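Step one of this worksheet: look at the structure below.
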Amino acid sequence: MGSVRLAGVGLGLRPPHYEHVLNRRPAVPWFEAVSENYMGPRGGSGGRPLEKLLAVRRDYPVALHGVSLNVGSVDPLDAEYLKRLKTLVALVEPAHVSDHLCWTGVDMRNLHDLLPLPYDEGAIEHVASRVRKVQDLLGRRILLENVSSYLSYGHSTMTEWEFVAEIARRADCGVLLDVNNVYVSSVNHGFDPRRYLEAIPRERVGYMHLAGYSIAEGFLIDTHDHPISDPVWSLFGDAARRFGGVPALIEWDGNIPAFERLEAEARRAREVADGALAVAA
Ligand SMILES: [Fe+2]
């Protein structure tokens, strides 16, 4: 998947850290960048953020991670967005291109949220055919990330993990497995997160996400503004055993800490993964 192979634990590239990364060249194996931040306005170019990303790209592998594909919606795919994404992909030559298995709006209105889909045959066929179109247009495979959720649909006919695995198979796409989202949803909906991991085909997982959640009104919310929690570290150990050697990425989007704090989370992720693999050996 892609011309550059990722390895180890990467970090999400965030604007407060551009200068540190470009001046200090820290020993980070790769970065993930949010695609929309480098596309610029419609009809425009990515401007200075894109210049920064391309400068980072000279020294590091990069994965592009989007939030606006809206692949689960019944609105037509956004041709203008896909064109701009394709231009960005050509410039960055990322190891992976990903977005979320969700819908973000309908009737051309963006709800600015990653909303879950019903888990049924109709949604599988709908999403898989749209993913195939996106992949044809981009000329490469994409990864779809499992989102966290706080509601479920009465007409779902299968579990979330069956839904994710079947879409990946039918669309012939990869999975960006967000371990924090699996944990958050497992608490909110009361399922066993380890069953989820076991159902995801190993060969489809491009990389994993790790992030922190918040607790509000009895729900876990994937706010990405906290350190990674202990139960998520524990689940990540199981994921590292199951998907041995698959890269991981630390996501931290709110209350962004000093770069060294992110490096410490990455170090811990390596330790947890190494420990899990040593036990498995
Ligand atoms: Fe994520």
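The values are calculated or read from the model by the stated rules, or taken from the named source; none is laboratory data. Being a predicted model, the structure only gives us computed values, none of them experimental. Here the Cβ positions follow ideal geometry from the backbone for every residue, glycine too, while neighbour counts run over all protein chains shown.
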Practice task
Mind counting the residues in segment 120-157 that are more than 16 Å from ASP99 (Cβ to Cβ), of a type in the set (A, V, I, L, M) and modelled with pLDDT of 95 or more?
Solution key: 1
Handout entry: Answer residue from segment 167-181, given it is surrounded by 15 or more Cβ atoms within 10 Å (Cβ to Cβ) and farther than 21 Å from ALA63 by Cα and is nearest to the chain's Cα centre (by Cα) among those
Key = ILE167
Fill in the blank from the handout: Selection over segment 166-186 where residues are in a helix (DSSP H, G or I), in contact (Cβ under 8 Å) with a residue 40 or more places away in the chain and touching a helix residue (DSSP H, G or I) at 6+ places or on another chain (Cβ under 9 Å) yields a count of 8
Fill in the blank from the handout: Pairing a residue in segment 106-121 that is closer than 14 Å to SER68 by Cα with any residue that is surrounded by fewer than 18 Cβ atoms within 10 Å (Cβ to Cβ), where Cβ atoms lie under 6 Å and the two sit 6 or more apart in sequence or on different chains, gives VAL106/ASP75; LEU111/GLY105
Completion exercise
Filter segment 201-230 for residues that are of a type in the set (D, E, K, R) and in a loop (DSSP other than H, G, I, E, B); the one that is farthest from SER186 (Cα to Cα) is ASP225
Completion exercise
Sole miss for LEU54 among (1) touching a His at 6+ places or on another chain (Cβ under 6 Å); (2) assigned to a helix (DSSP H, G or I); (3) of a type outside the set (Gly, Ala, Ser) is condition (1)
Practice task
Out of the residues in segment 169-192 that are among the small types (Gly, Ala, Ser) and within 16 Å of the ligand (Cβ to nearest atom), state the one that is farthest from ALA211 (Cα to Cα).
Solution key: GLY174
Exercise for the section: Pick out the one residue from LEU144, LEU111 that is aliphatic (A, V, I, L, M) and surrounded by fewer than 16 Cβ atoms within 10 Å (Cβ to Cβ). Expected result: LEU111
Problem - Any chance ASN37 is assigned to a helix (DSSP H, G or I), over 23 Å from LEU137 (Cβ atoms) and not acidic (Asp, Glu) - result: no
